[in-house]
Amino acid sequence: MANNKRLIIGNWKMNLSIHETSLFAHKLNQDMKAHKDVEVVIAPSTLALQTLSMQIDHNKIKLCAQNCYWRDDGAYTGEISANQLRGLVSYVLVGHSERRHIFGETDRDVRNKVQSVVRNRLKPVLCVGETTSERSNGETHRVINDQITGGLSNITSDEIKDVAIAYEPVWAVGTGDNAMPHEIQTVAKTIRHQVEHMFGSEAAKKIRILYGGSVTSDNVISYLETPGIDGLLIGGASLEYKKFMTIIDKSHGQGD
Ligand code: PGA
């Protein structure tokens, strides 16, 4: 592992009412032990962040925002800045495939957001991944390289230590069509190469790379055992209490 702690992030997307979110987090906080080798993070609706930040034990659970805008403040109706998220969250997802493909976020947006997150002393989780057609055209590694370069080119070699990268093939997100560990292993190598090219070998060794895309409590072990993978970004399965707890329990004690 690139870091001694495995990073497990539950991305709740636009699901659960604020009341349900609070109950879920409360139960998780009650039932979970503080694992030394696993960092458990949840990304609830932005509306729930304030309540949850007062409700949870931050030694056990950390909070993540699902998105932010890249300006710190100003006339940007409906947006939330990394500056406003300070004190509420530890992590911010940037460039999730749903942001890129439903809301048209470009590499330029992603790059500005990554920069604003680190500028505000939070940790970005940069999401990258190829679409079905890019995959069938054999473009996976080119797409990943482009997204890494596009997303990280405003970051300094000092700031890269705060960045994590989530490889989430678009065809695997929410589809049940999960990627094979050997495919993920090669993409993780491509990511580390690109990070090495941009920031040097120490940064490449240390950067945390997560896998996301149809991870379940049944297939989780194969991903935890994949060389070069330091954690998971989980959507659907993180919304089911038992499954998410099983994933957390299985992550604990698994290591290379
Ligand atoms: P999924 O979502 O686990 O439901 O495929 C992953 C994600 O969007 O981060």
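The values are calculated or read from the model by the stated rules, or taken from the named source; none is laboratory data. In this text, all values refer to a predicted model and were calculated from it rather than measured experimentally. Reconstructed Cβ throughout: ideal geometry from the backbone, glycine too, with neighbour counts over all protein chains shown. These accessible areas exclude ligands, DNA and RNA; they are computed on the full protein's heavy atoms, side chains included. Shrake-Rupley method; radii C 1.70, N 1.55, O 1.52, S 1.80 Å.
Count Lys and Arg as plus one, Asp and Glu as minus one, and take only other residues whose Cβ is under 11 Å from that of H35; the net charge is then +2. Highest average first, the peptides 31-37, 207-213 ordered by how many other beta carbon atoms sit within 10 Å of their residues are 207-213, 31-37. Using the Cβ-Cβ distance between R119 and H197 with R0 set to 22 Å, the FRET efficiency works out to roughly 0.40. Counting only heavy atoms of the protein chains and using a 1.4 Å probe, H182 has close to 120 Å² of accessible surface. As a length-normalised measure over Cα pairs under 8 Å and 6 or more apart, the relative contact order of the chain settles at 21 percent. Using a cut-off of 19 Å between Cα atoms, the listed pairs K27/K242; K161/K243; K60/K242; K36/K250 include K161/K243 as exceeding that distance.
When you filter the trypsin sites (Lys or Arg not before Pro) in segment 101-180 for DSSP loop state and at most 15 other Cβ atoms inside 10 Å of their Cβ, you are left with R121. Pair-distance distribution P(r) for segment 64-168, from all Cα-Cα distances in 5 Å bins starting at 0: 2, 14, 25, 25, 17, 10, 5, 2, 0 percent. Ligands, DNA and RNA left out, the accessible area of the chain computed with a 1.4 Å probe is 49% carbon and sulfur. Straightening the chain between M245 and R86 buys 54.5 nm, computed as 0.36 nm per residue apart minus the Cα-Cα spacing.
Can you give the Kirkwood hydrodynamic radius for the chain, in Å, rounded to one decimal and based on Cα pairs? Every distinct Cα pair counted, the radius reaches 18.1 Å. Full extension of the chain between T51 and S157 yields a length gain of 34.7 nm, computed as 0.36 nm times the residue separation minus the alpha carbon distance. Amide H to amide H distances under 5 Å link L7 with E39, G231, L232, where only residues 5 or more positions off or on other chains count and H is placed in the peptide plane. Counting only protein chain heavy atoms and rolling a 1.4 Å probe, the accessible areas of D230, D57 rank, largest first, as D57, D230. In the calculated pair distance distribution of segment 1-122, what percentage of Cα-Cα distances lie above 23 Å? Summing the P(r) of segment 1-122 above 23 Å gives 32 percent of all pairs.
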